[in-house]
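A.B. asks: For reference, the structure I am asking about is given below.
Coordinate-derived values only; no laboratory data. Treat the numbers as computed from the prediction; the structure is a model and nothing was measured.
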């Protein structure tokens, strides 16, 4: 079989095709690694920003509770009011979760990209 390939000079074409396929596989491996690294970087960034915003919200909530307790001259009513505010916000997010969270997240992660290299 190899004699026929050499005779028809198809061995160089076969070698070139093999090298081309291996190069394409390496290209897609590198592209996948870049996309994975980008996704991980985005997730880490979102996590860090979320943690900072969560701490801000906690301290702001304590300030609001202390203010409400002072204004209402109570030790506990401010906590109750803030709990109901968070309950209302949580219910709002739950009811509109498709539009608020899932729609935007899926659009961002699954949007089509233009491939200039290919």
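A.B. asks: Whole angstrom only: what separates the Cα centroid of region 11-65 from the Cα centroid of region 66-85?
C.D. replies: Comparing the Cα centres of region 11-65 and region 66-85, I get a distance of 43 Å.
A.B. asks: For residue 26 and residue 96, calculate 0.36 nm times their separation in residues minus their Cα-Cα distance, and state this gained length in nm to one decimal.
C.D. replies: Length gained, residue 26 through residue 96: 20.9 nm.
A.B. asks: Could you work out how much longer the chain between residue 35 and residue 49 gets when fully extended? Use 0.36 nm per residue separation minus the Cα distance between them, nm to one decimal.
C.D. replies: Roughly 2.9 nm would be gained on extension.
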